[in-house]
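In what follows, a structure is listed as structure tokens, so that the remarks can point back to it.
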Amino acid sequence: MSNSTTPQPHTAWGRAVGIAIAAAVVVVAILIAFVWPIITSSVKNMPIAVAGSSEQVAAVTSALDKNANGVFSVTKVADRAAAIDLIKTRDVYGAVVVGDKPEVLTASANGAATSQILGQLAVQLQAQANQQAAAAVEQAIAAGQAPAGTKPPTITVAVTDVVPLTSGDPRGLGLTAASFPLVLGGIIGGVLISLLVVGPWRRLVSVVVYGFAAGFSVVGIMQGWFGVLQGNFWINGLAVSLAMAATVSLIVGMNALIGRAGIAVGAVITMLIGNPLSSAAQPIQFTVAPWGVVGQWFVPGAASTLVRDLSYFPDANATFPWLVLAGWTVLGMIAMVAGHFRNQEVVHVEDALEKPSGETEREGSLQPA
């Protein structure tokens, strides 16, 4: 007795080459999606406040326009307290206080990029102030209004961190680094529920349970263990839970509407569009317009902004990111239910009553022939 095996047919050459090229295209698309927002970003239109008298504010604004044209978007305020209020509501990222004791106000909780720029601004303002003081003394000596050898005063521009980071994350790296795992976690949950859970209502329950379980677990680690977050634990947990549920809901809903391809569509929307445009590591103004603003309409951008606001800027208006996350969640859930009923087989009454082949009707019932 001989054993024979049927050889498996080989993949056609054209198909093999096509698959390889398609895979390469995917790699290129991923590269462009993640790198393009970074290499095209630039420091521009960073909102800051300038506090002081009208003459002092005008002088600082003029100097900024001359030496850093387009870098800052200036809001004029009356005093230091007003500037701090704008920082705490995230209307500006920092402020310059002009007067007898010049000061630059920063908020390291906004991220390393803004803190570094404001620190450099303080150095430049201090150098300019000392140059102006030295020039004023020289003019006074030349005019005979000051004795020769008079030393100019040394002017120091203080830097004050109004909204500092937590001691557990002094450089803000943890908060920025956590944004990608949150995106990935939502995608993983969406894929698993799409593939392993059957039934629209069961999927809805799975999405809600996953959102709460994953969201509060993440906040428990980030706030309770690593000390990256601060503020109200329960509100932070609800925010991350809603972000998780939004991504999961989108993927499961797309799968219900268009099948397995919907999983890829949901992942692409979240990973390759929403995540690169989220501005998790820099101000939205630095991203090429209008994509920084557009990114806040997607789950990763809204989630990143909301978590930062709740943890460090409780005075900021967080209504918009809450609504964005809720909107994606509801949209996905509607897609789940709509996809379920769209895929239901329509059975006509006439077809249901049609006698199967090989059966005859006997005494009002169907019996085998």
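Using the rule -39500 (n - 2.57) for each DSSP H run of four or more residues, divided by the residues of the chain, the 222 nm mean residue ellipticity is -18500 deg cm²/dmol. Remark: spin-label model distance residue 315-residue 297 equals 3.1 nm, labels positioned 7 Å along the Cα→Cβ axis. Sequentially through the stretch 204-213, phi angles give Karplus couplings (6.51, -1.76, 1.60; θ = phi - 60°) of 4, 5, 4, 4, 5, 5, 4, x, 5, 5 Hz, Gly and Pro residues having no value and appearing as x. Ranked by the mean number of other Cβ atoms within 10 Å of their residues, highest first, the peptides 267-276, 215-224 fall in the order 267-276, 215-224. For residue 50, nonlocal amide neighbours, meaning residues 5 or more places apart or on other chains whose placed amide H falls under 5 Å from its own, are 75, 76, 77, 96.
Relative contact order for the stretch 173-342 using alpha-carbon pairs under 8 Å, separation at least 6, rounded to a whole percent? Answer for the stretch 173-342 is 29 percent. Using the Cβ-Cβ distance between residue 205 and residue 272 with R0 set to 35 Å, the FRET efficiency works out to roughly 0.75. Among the trypsin sites (Lys or Arg not before Pro) within the stretch 251-352, which fall in a DSSP loop and have no more than 11 other Cβ atoms within 10 Å of their own Cβ? Here the sparse-neighbourhood loop sites are 260. Note on residue 69 and residue 11: the extension gain reaches 14.9 nm, defined as 0.36 nm multiplied by sequence separation minus the Cα-Cα distance. Using C-alpha pairs under 8 Å with a sequence gap of at least 6, the mean separation divided by the residue count of the stretch 46-161 gives a relative contact order of 25 percent. Which percent, to the nearest 5, of DSSP beta bridges fully inside the stretch 40-151 are antiparallel? If we restrict to bridges inside the stretch 40-151, about 25 percent are antiparallel.
The tail of the calculated P(r) for the chain, taken as Cα-Cα distances beyond 35 Å, holds 46 percent of the pairs.
Just so you know, all these numbers are worked out from the coordinates, no wet-lab data involved. Only a predicted model underlies this, so the values are computations on that prediction, with no experimental measurement involved. Glycine also receives a Cβ, built like all others from the backbone with ideal geometry; neighbour counts cover every protein chain displayed.
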